[in-house]
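The values are calculated or read from the model by the stated rules, or taken from the named source; none is laboratory data. Given the structure is predicted, the values throughout are model-derived calculations rather than measurements. Backbone-built Cβ (ideal geometry, glycine too); neighbour counts: all protein chains shown. For the accessible areas, the whole protein counts, side chains as well, though only heavy atoms, and no ligand, DNA or RNA atoms are used. Shrake-Rupley method; radii C 1.70, N 1.55, O 1.52, S 1.80 Å.
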Amino acid sequence: MSTAADQHATTPAVGPRRLLIIAAGALILVAPGVVVFLAWSAEAASPIILGSLVGAIATVALGWRLALVEVFILGMSIPVAVVAGAEPLAGAGLMALLCLFTGLSAAWGMNNAFRMVPLVLAYPMIHPPPLGALPTDRMDPAYLLALTGLMVGGALWMTVIISVFARHRSIPELQPAARTDAIEYTILITVLVTVNTFIVLLLKPSSEGAWLILTLIAVTQLGPMVTVRRTVLRIVGTVIGTGVAAGIGIVVTSPAAQQLIAVVAITAAMYFRSSAYWLYVSFLTPAVVLLSSSGDVAETGEYRLAYTVIGATQVLLACALAVGYQRLREGGRAPASTLQAEPLAAPAPVD
């Protein structure tokens, strides 16, 4: 078990050097998206950036070998997710399987990396993005192959880059979760994501609906109280970020300038990711809103805020039920695993 001093020593220093590294990383991450944007279509940049996030987070957290395993799982799941999204039950079932896998990976301390797979797949499943002149057809092999190639290509790009330029960097030690925490986390994330995926696919299969699934996956953590704290901080950061995005949309009307501001905001978000979660969300929200807005930045931000509040409310209610159950058990009801059989006693006389 690491001591407080060890943890302090492994915390990245906050300073100009770290900011430059993060800025360089952000530029490298979005570089393939910029190339696709200029050479093909603006909409095609989003899938490749989503894939790049998966590759980056998996490689940093798990190393290149396990990152390649995650990229393989992502690549096999993309066409299945897009096709399954046409039928709400099928889409919800696939997300349930992916969340079960994510929850079980907590037993090895790998859930933070593997949860990126259902998180990014929510977007093409719920609202497949247009890819230039290709028809947006869930059943079209050419469309499925192009989308899979973009997302897997982005993931491999970051896996290779990080593996080469950070090859001397030590991989963080994995922190396996306790069995009870892993089971609780698995149930919570699987039920919430599955039910909401079905509802969104049935009622409003849009990119805004995918934000609800992202919120559920992002805030659900190991332990109800940790989840509650993260959820509250995400609401605070989303409110601030939505207001900032609306202001930028009024002052800056050029799409190119908005995307440049979004890259700067992503860099700032990464800077605060390990130190202040609410600041991280405050910068991440305007970045995502500016990148995904189809013209009306304020309206896009309002949708993001509404779905964040809806998802956060569900998570808080689920955590309240989990805490209530824990208190009930601590109040005298022993877990089933600790119950012991009592010896048979002679029957009492009947009065």
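Determine the shape class of segment 126-229: with a ≥ b ≥ c the square roots of the Cα gyration tensor eigenvalues, call it rounded for a/c under 1.5, and otherwise prolate if a/b is greater than b/c, oblate otherwise.
Oblate shape, in that a/c is at least 1.5 and b/c is the bigger or equal ratio.
Note down the magnitude of the dipole of segment 247-332 about its Cα centre, charges +1 on Lys and Arg C-beta and -1 on Asp and Glu C-beta and zero elsewhere, to the nearest 20 debye.
Here the size comes out at about 340 debye.
Just need the Rg to Rh number for the chain, please, alpha carbons only, Kirkwood Rh.
Using only Cα positions, Rg/Rh for the chain is 1.03.
What ranking of Ile310, Ile189, Ile250 comes out by heavy-atom accessible area, probe 1.4 Å, highest first?
Ranked list, largest accessible area first: Ile250, Ile310, Ile189.
If Leu19, Leu260 are ordered by their accessible area, calculated over protein heavy atoms with a 1.4 Å probe, which sequence runs from highest to lowest?
Descending order: Leu260, Leu19.
Using the membrane-span-like helix rule (whole DSSP H runs, Cα extent along the own axis of at least 30 Å, mean Kyte-Doolittle hydropathy at least 1.0), which helices of the chain qualify?
16-39, 141-165, 179-203, 224-251
What is the gain in length, in nm to one decimal, between Gln175 and Met225 on full extension, counting 0.36 nm per residue of separation less the C-alpha to C-alpha distance?
Full-extension gain reported as 16.2 nm.
Nearest 500 deg cm²/dmol is fine: what mean residue ellipticity at 222 nm does the chain get from its DSSP H runs of n ≥ 4 alone, each adding -39,500 (n - 2.57), divided by its residue count?
Calculated from helices alone, the mean residue ellipticity at 222 nm is -25500 deg cm²/dmol.
Mind grabbing the accessible area of Trp64 for me, 1.4 Å probe, Å², rounded to tens?
120
Evaluate the charge dipole of the chain about its Cα centre and quote only its size in Debye, nearest 20, assuming +1 on the Cβ of each Lys and Arg and -1 on the Cβ of each Asp and Glu.
780
Give the residue from Thr238, Ile57, Thr227 lying farthest towards the positive end of the charge dipole for the chain; charges sit on Cβ (+1 for Lys and Arg, -1 for Asp and Glu) and the dipole is referred to the Cα centre.
Highest projection toward the positive end goes to Ile57.
Rounded to the nearest whole Å², what accessible area per residue is found for the chain with the 1.4 Å probe?
Accessible area per residue: 52 Å².
If you add up the charges near Ala306, with Lys and Arg at +1 and Asp and Glu at -1, over every other residue whose beta carbon is less than 13 angstrom from its beta carbon, what do you get?
Net local charge, Ala306 excluded: -1.
Could you work out how far the C-alpha centroid of segment 74-128 sits from that of segment 192-265, in angstrom?
So the separation of the two Cα centres works out to 18 Å.
At 7 Å along the Cα-to-beta-carbon direction for both Ala320 and Glu43, put a label point, then send me their distance in nm to one decimal.
Output for this residue pair reads 4.1 nm.
At a 1.4 Å probe, what is the % contribution of carbon and sulfur to the accessible area of the chain?
Answer for the chain: carbon and sulfur cover 70 percent of the accessible area.
Quote the FRET efficiency, to the nearest 0.05, computed for Thr253 versus Phe165 with a Förster distance R0 of 41 Å and r equal to the Cβ-Cβ distance.
Once rounded, the FRET efficiency stands at 0.65.
Using the Cα gyration tensor of segment 73-180, with a ≥ b ≥ c the square roots of its eigenvalues, what is the shape: rounded (a/c below 1.5), prolate (a/b larger than b/c) or oblate (neither)?
Because a/c hits 1.5 or more and a/b fails to exceed b/c, segment 73-180 counts as oblate.
Are there trypsin sites (Lys or Arg not before Pro) in segment 185-284 that DSSP marks as loop and that have at most 16 other Cβ atoms within 10 Å, and which are they?
Answer by residue number: Arg273.
Please compute the length gained on full extension between Leu100 and Val264, using 0.36 nm multiplied by the number of residues separating them and subtracting their Cα-Cα distance.
Full extension from Leu100 to Val264 adds 55.5 nm.
When all protein chains stay in place, what accessible area (Å², nearest 10, 1.4 Å probe) is found for Ile49?
40
Could you give the length gained on full extension between Ser274 and Glu302, defined as 0.36 nm per residue of separation minus the Cα-Cα distance, in nm?
In short, 7.4 nm is gained.
I'd like to know which of Leu68, Phe114, Ala23 lies farthest towards the positive end of the charge dipole of the chain, counting +1 on Cβ of Lys and Arg and -1 on Cβ of Asp and Glu.
Positive-end residue among those listed: Ala23.
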